[in-house]
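Below: one structure, written as structure tokens.
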Amino acid sequence: MERLNAEAGKLHIWLRTQANAPAQRPWFRKTGLEASGRIARGRVGAAQLKPIAHHWRWKEIAPYLDRIAEIARGADVSPIEFAERQQFLLTNPGLGGRLQVTSTMRCAVSIYNPGDVAPVHIHTPNASRTILSDKGGYTTIEGERCEAARGDLILTPNGTWHDHGNDGSEPVVWIDVLDFPLMEFLDCVWLDEAFPEETQGNSRAQPVTQASGYSYKLYGQGGLVPRFVTHRRGFGYDTTPMFHYRGADVRQALDGLRREQGDPYEAIALRFVNPATGTSLFPTLDYGAMLLRPGETTRFKRETASTLYVAIEGQGVTEIAGERLDWRANDIFVVPNFTWRRHINKDKTDAILYTVSDAPLIEKIGQYRAQGRLGDDSVVELAH
Ligand SMILES: [Fe+2]
């Protein structure tokens, strides 16, 4: 059969043989901590890549921001002319050099020098910015100018016109997360820079029609939404009309819940939601913030979804499929699907992690499952 296949292949057919195994091995019955989804051998799995757990340490990657910013400062043409952004992208070592951290997500770290502007544009991938700098930098989305501060989450949903820049006096740094690889796989990525109205100056920024805080004014009162505005922004569907979540508000909300029991697997966890629907910010990605109190250890959990973590405050340990990651503020790490993880804060101060997960997508295609480990190492289904 295999020999015949060499001949039959010229006709673009494949004679079914034993090499027909699905790429993933069954993960849910192998419950050992080291167990995770593994790529099987075989014709079907031959070209499949699998993201692995990985940790990008801030102290190792941050120097490259300064180096690319330095090159841009010394350039005699605008940095936008030779590189669209001053940023580096994180590449998951399991994905063969592709510009992605999981099968669905891209993550970049960007630096904007004073005066830098990214011209107004629109695209189909959903994107977010998690701000690392204390302050400075802005994103304007559909006419709303959002002034950034540390811990803020700023969303640029599918089909919204947006531009970024830094009109402060210090460089600003943020983390971009996009569902770009998923959209690319589905062949529905496109980007347009032809803003239909007049832009401002050389920077090609869109006119600001709403001041900073407009989103908050409309949607910032939990449980109340205005009836006199449409909740759709841009040409996308099912995306959040609230573009700016402030880090200070997130911190305060987490703190206000610190005496609650919380979730045994996710500690004091909050979910960022679309205020108009109560669902995830994007149809594809779910954003969250998690407070690990001093001395807190969560139970092991694993899911069919993958999660990207950004350490916003404090330090801690995350154990992933038997591997131990010691993280501190600004570190980024990824927990791929099927792998056991738990978080530990041994410190005397709070630790806060922000999360981005592709669970909404996995749920929509009917594939979401999650398991937890109890104290006696027995495994329970959390969702199936
Ligand atoms: Fe963009």
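The values are calculated or read from the model by the stated rules, or taken from the named source; none is laboratory data. Just so we're clear, the structure is a prediction, and the values are computed from it rather than from any experiment. A quick note on method: Cβ atoms are made from the backbone with ideal geometry, for glycine too, and the neighbour counts reach across all protein chains shown. What goes into the accessible areas is simple: the full protein's heavy atoms, side chains included, and nothing from ligands, DNA or RNA. Shrake-Rupley method; radii C 1.70, N 1.55, O 1.52, S 1.80 Å.
Based on the mean of other beta carbon atoms within 10 Å per residue, what is the order of 60-67, 357-364, most packed first?
357-364, 60-67
What are the ³J(HN,Hα) values, in whole Hz, obtained from phi via the Karplus relation 6.51 cos²θ - 1.76 cosθ + 1.60 with θ = phi - 60°, for each residue of segment 249-264 in sequence order, with x given for Gly and Pro?
5, 4, 4, 5, 5, 5, 4, x, 9, 5, 8, 6, 5, x, 9, x
May I ask you to order 177-188, 87-98 by the average number of other C-beta atoms within 10 Å around their residues, highest value first?
177-188, 87-98
Starting from the 7 Å offset along Cα-to-Cβ, what nm value, one decimal, do you get for the label separation of Lys30 and Thr209?
So the two model labels end up 5.5 nm from each other.
Roughly how many percent of the accessible protein surface of the chain is carbon and sulfur, given a 1.4 Å probe and a whole-percent answer?
The nonpolar share, carbon plus sulfur, comes to 51 percent.
Using amide H atoms built 1.01 Å from N in the peptide plane, name the residues 5+ places from Phe338, or on other chains, whose amide H lies under 5 Å from its own.
For Phe338, the qualifying residues are Glu303, Thr304, Ala305.
For Lys348, go through the lysines and keep the ones whose alpha-carbon is under 30 Å away, minus same-chain ones fewer than eight residues off.
Partners within reach: Lys59, Lys135, Lys301.
Would you mind calculating the gained length between Asp377 and Ser169 on full extension (0.36 nm times residue separation, minus the Cα-Cα distance), in nm to one decimal?
Net length gain for the segment: 69.5 nm.
Subtract the Cα-Cα distance of Arg67 and Lys135 from 0.36 nm times their separation in residues, and report this length gain in nm to one decimal.
22.4 nm
Which whole-number percent gives the relative contact order of segment 232-384, counting Cα pairs below 8 Å spaced six or more residues apart?
Rounded, it is 24 percent for segment 232-384.
With 10 Å bins from zero, work out the P(r) of segment 292-384 over every alpha carbon pair and list the percent per bin.
In whole percents, the pair-distance histogram is 17, 46, 31, 6, 0.
In nm, give the distance between the simple-model label positions of Arg57 and Leu186, each being 7 Å from the Cα along the Cα-to-Cβ direction.
If labels sit at Arg57 and Leu186, their model points lie 3.8 nm apart.
For the chain, build the convex hull from the C-alpha positions and give me its volume per residue in Å³.
Looking at the chain, the number lands at 174 Å³ per residue.
Between Ala75 and Glu363, what length in nm is gained on full extension when 0.36 nm per residue of separation is reduced by their alpha carbon distance?
99.0 nm
So what is the calculated 222 nm ellipticity per residue for the chain, using -39500 (n - 2.57) for each DSSP H run with n of 4 or more, over all residues, to the nearest 500 deg cm²/dmol?
-4000 deg cm²/dmol
Roughly what would the spin-label model give for Arg271 and Asn202, points 7 Å off Cα along C-beta, in nm?
Calculated label separation equals 4.7 nm.
Tell me, what are the semi-axes, in whole angstrom and largest first, of the equivalent ellipsoid of segment 91-152 as set by the roots of 5 times the Cα gyration tensor eigenvalues?
25, 15, 11
Excluding residues on the same chain fewer than 8 positions from Lys10, give the lysines whose Cα lies under 30 Å from its Cα.
Leaving aside lysines fewer than 8 places away in the same chain, those within reach of Lys10 are Lys50.
How long are the semi-axes of the ellipsoid equivalent to segment 164-229, from square roots of 5 times the Cα gyration tensor eigenvalues, in whole Å, largest first?
Computed over segment 164-229, the values are 25, 22, 17 Å.
Springs between alpha-carbon pairs under 10 angstrom, Gaussian network model over the chain: which of Gln24, Gln367, Gln261 fluctuates most?
Checking each option, the largest mean-square fluctuation is seen for Gln261.
Compute the accessible area per residue over the chain, keeping the other protein chains in place, probe 1.4 Å, unit Å².
That works out to 49 Å² for each residue.
Expressed as a rounded percentage, what relative contact order does segment 148-252 have, with Cα pairs under 8 Å and six or more residues apart?
It rounds to 48 percent for segment 148-252.
Just want to confirm a number: the relative contact order over the chain, from Cα pairs under 8 angstrom separated by 6+ residues, in percent.
14
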